[in-house]
Amino acid sequence: MLMGMADISTIRVPSGYEREFPGASRSAAEIAANLVRAGTEFLTEIDRPTRKAAGLSARGFQTLAILDGAGGPLPGYSIAEQMLISSASMTSLLDTLQRRALIERHPHPTDRRKVLIHLTDDGQRIVDQQLPAIHAVITQALIAIPEEDREPFLATLTAVRIGLAALTETPPPQHKARRTARRADL
């Protein structure tokens with residue numbers, strides 16, 4: 001048995017969950033908890049090869065990979081939009097990558113208000129070395145899902161994303177107060 005495998009089990013909520021939270025769904029809470037845990041563990045494992053080999057954060061590597069995928073320089077705001085981070089966070093990240101000589105900033109050729117971010121040869125080398133490792137992690141992590149189950153799984157994940165996108169367009173859902181208060185066990 002692999003180390004740590006004994007610790008992996010389905011996250012469950014207590015049987016009185018729906019009484020404690022009227023209008024809530026126990027199964028939805030369990031799916032959400034398991035989805036978040038799996039996503040967090042997935043991201044940690046994808047980040048591990050790059051952090052170990054290049055000493056880069058997940059966001060640092062993601063920046064390099066976005067530039068590689070673009071096939072050319074991009075403005076910082078475009079990278080920030082793809083990563084869903086603020087321009088202040090992007091600036092700090094770009095400063096770090098520039099200090100490490102993994103990117104360069106150059107003035108935009110036609111718009112002097114803009115700066116384009118270029119991937120350096122060292123940055124490209126890291127992307128070229130690490131993307132295969134990341135793809136190997138992804139393949140291994142999902143090997144337990146048979147090929148014929150992957151399309152239905154993708155459809156389910158897309159349905160979750162559609163539900164989340166719909167939530168962003170509306171006010172937060174109305175909820176009822178807890179019916180019973182939590183009491184600390186003595």
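All of the numbers you see were taken from the coordinates with simple rules; none came from a lab. These figures come from a predicted structure and were not determined experimentally. So basically every Cβ, Gly included, is an ideal-geometry build from the backbone, and we count neighbours across all protein chains shown.
Taking a point 7 Å out from the Cα of residue 68 in the direction of its Cβ, the residues of the stretch 91-112 whose backbone N falls within less than 20 Å of it are 93-105. Once both labels are positioned 7 Å from their Cα atoms along Cα-to-Cβ, the gap between residue 156 and residue 17 label points is 1.5 nm.
Taking other residues whose beta carbon is less than 15 angstrom from the beta carbon of residue 67, and scoring Lys, Arg as +1 and Asp, Glu as -1, yields -2.
The mean sequence distance of close C-alpha pairs (under 8 Å, at least 6 residues apart), as a share of the length of the chain, puts its relative contact order at 24 percent. Charge tally around residue 27: other residues with Cβ under 11 Å, Lys/Arg +1 each, Asp/Glu -1 each, net 0. Take the Cα of residue 122, go 7 Å toward its beta carbon, and the backbone nitrogen atoms of the stretch 51-71 under 14 Å from that spot belong to 54-56. Sequentially through the stretch 165-172, phi angles give Karplus couplings (6.51, -1.76, 1.60; θ = phi - 60°) of 4, 5, 5, 5, 8, 10, x, x Hz, Gly and Pro residues having no value and appearing as x.
3J(HN,Hα) along the stretch 29-40: 5, 5, 4, 4, 4, 5, 5, 5, 4, 4, x, 5 Hz, from the Karplus curve 6.51 cos²θ - 1.76 cosθ + 1.60 with θ = phi - 60°, whole Hz, x for Gly and Pro.
The H on the amide N of residue 115, modeled in the peptide plane, is under 5 Å from the matching H of 76, 108, each at least 5 residues off or on a different chain. Given the choices (i) 21.7, 69; (ii) 16.3, 52; (iii) 15.3, 46, Rg and Dmax of the Cα atoms in Å derived from the coordinates of this structure is entry (i). Listing 137, 127 from fewest to most neighbouring C-beta atoms within 10 Å gives 137, 127. Across the options 80, 132, 42, the greatest Cα extent toward the positive end of the charge dipole of the chain (unit charges at beta carbon of Lys, Arg, Asp, Glu) belongs to 80. The GluC sites (Glu not before Pro) of the stretch 58-158 include none that meets both conditions, a loop assignment by DSSP and at most 12 other Cβ atoms within 10 Å of the site Cβ.
For residue 24 and residue 105, a Förster radius of 45 Å and the Cβ-Cβ distance give a FRET efficiency of 0.40, rounded to the nearest 0.05. Note on residue 164 and residue 140: with the Förster distance fixed at 25 Å, the Cβ-Cβ geometry gives a FRET efficiency of about 0.35.
Determine the calculated [θ] at 222 nm for the chain from helices alone, applying -39500 (n - 2.57) to every DSSP H run no shorter than 4 residues and normalising by the residue count; nearest 500 deg cm²/dmol. Intermediate values should be presented prior to the final figure.
Working: 7 runs with 110 residues, N = 186.
The per-residue figure over the chain is -19500 deg cm²/dmol.
When +1 charges are put on Lys and Arg Cβ atoms and -1 charges on Asp and Glu Cβ atoms, the dipole computed for the chain relative to its Cα centre reaches about 860 debye.
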